[in-house]
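*Asks:* Submitted below is the structure of interest, expressed as structure tokens.
Coordinate-derived values only; no laboratory data. Since the model is a prediction, treat every value here as computed from it, not as a measurement. No Cβ is skipped: glycine too gets one built from the backbone with ideal geometry, and neighbour counts run over all protein chains shown.
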Amino acid sequence: MMDNFHIPVMLKESLDFLITDKDGKYFEGTLGFGGHSSEILKRLGDNGVLISTDVDKDAFDYCKTKFSADNRIKLYNFNFDKIDSIAKIESVSGFSGIFADLGVSSFQLDNAASGFTYRDAEAKLDLRMDKSLSVSAYDVVNSFDEESIANIIYQYGEEKNSRRIARLITEKRKLKSIETTSELAEIIKSITPYNFQTKTLSRVFQAIRIYVNGELDVLKKFLNNAVDLLAPGGRLVVLSYHSLEDRIVKDIMKYETLGCICPKDFPVCQCGKVKRLKILTKKPLIPSDNEIKLNFRARSAKLRVAEKI
């Protein structure tokens, strides 16, 4: 049933870049419900290895059953920034390819019980991928001060009305705690013109989700570890859906294409930096019009690829 909830985005393009050695070792940082993983395994030979990880327990448990008969795949219920620890456990010194699809699965977005959706749903306000994290969306909305809430909505959601929304949230919670996703959604709708409600709701929920999961810091750590762990000729393939995520991917890849970064007036290099990547996608690839028609959630996807020198 889970397979019907999530359509892998830019599947062929991603894997055409990723798989360069059918018997290589590959890392997938965002397992989800196994859409990309299934196709990676189809392209690997008998000696190929895929290590996949996801912090979401539902996704991990589902894929443990789904892939139980295939000994080429190894699963970890870790966040993907632990790629260095996982590599040590598996005695991997270098990966032939590292892949991450940074999108939230359609199952999470559409399933009220997951607490990630505001669409006609009544779910506990949570938004944590990893339920062991100490701060949930409920804590942000009900205990953070107005300025902090506004800053989160503006910084991570790029929502222009962040201050007005934060002010109303803090006013409403004085009367009653904001317990559910639908309660928060109704507060936001009450001060948002109808034509802008969907985009505003998406931005606010996304912003709080990014904050409570520390997604941008986790992404930076993952990417830096990934560059370290690529074997020469190995590919780093990343699908992002948010401008802040894409900027981080772009900037880290670009930084790793640079050699010495000492000031030009230094007679001898002092930084010791060496060029480690070459970028294979000068501009990010985007989904085709046909793919967007079939899967509207693919519309904001950007695919960037770099290769280890």
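*Asks:* Quick one: which helices (runs of 4 or more DSSP H) sit completely within region 199-309 and have at least 3 residues that are out of contact with any His (no Cβ under 7 Å at 6 or more places or on another chain), touching a residue at least 12 places away in the same chain (Cβ under 8 Å) and more than 30 Å from Ser91 (Cβ to Cβ)?
*Replies:* 243-255
*Asks:* Consider Ser177 carefully, then state whether it is part of a loop (DSSP other than H, G, I, E, B), more than 21 Å from Gly103 (Cβ to Cβ) and out of contact with any Cys (no Cβ under 9 Å at 6 or more places or on another chain).
*Replies:* Criteria met by Ser177.
*Asks:* Determine, yes or no, whether Glu183 is among the charged types (D, E, K, R) and on the phi > 0 side of the Ramachandran plot.
*Replies:* Spelling it out, it is not the case that Glu183 is among the charged types (D, E, K, R) and on the phi > 0 side of the Ramachandran plot.
*Asks:* Can you report the number of residues in region 51-87 which are buried (at least 20 other Cβ atoms within 10 Å of the Cβ), without any contact (Cβ under 8 Å) to a residue 40 or more places away in the chain and among the charged types (D, E, K, R)?
*Replies:* 1
*Asks:* What number goes with the only condition from (1) exposed (fewer than 14 other Cβ atoms within 10 Å of the Cβ); (2) more than 26 Å from Val55 (Cα to Cα) that Arg247 does not pass?
*Replies:* The single condition Arg247 does not satisfy is (2).
*Asks:* Within region 24-58, can you find the residues that are assigned to a strand (DSSP E or B), in contact with a Lys or Arg (Cβ under 6 Å, 6 or more places away or on another chain) and either farther than 27 Å from Arg128 by Cβ or of a type in the set (Lys, Arg) (or both)?
*Replies:* Hit for region 24-58 is Val49, nothing else.
*Asks:* Specify which of the listed residues (Ile210, Ile252, Ile261) is hydrophobic (A, V, I, L, M, F, W, C) and within 13 Å of the chain's Cα centre (by Cα).
*Replies:* Ile210
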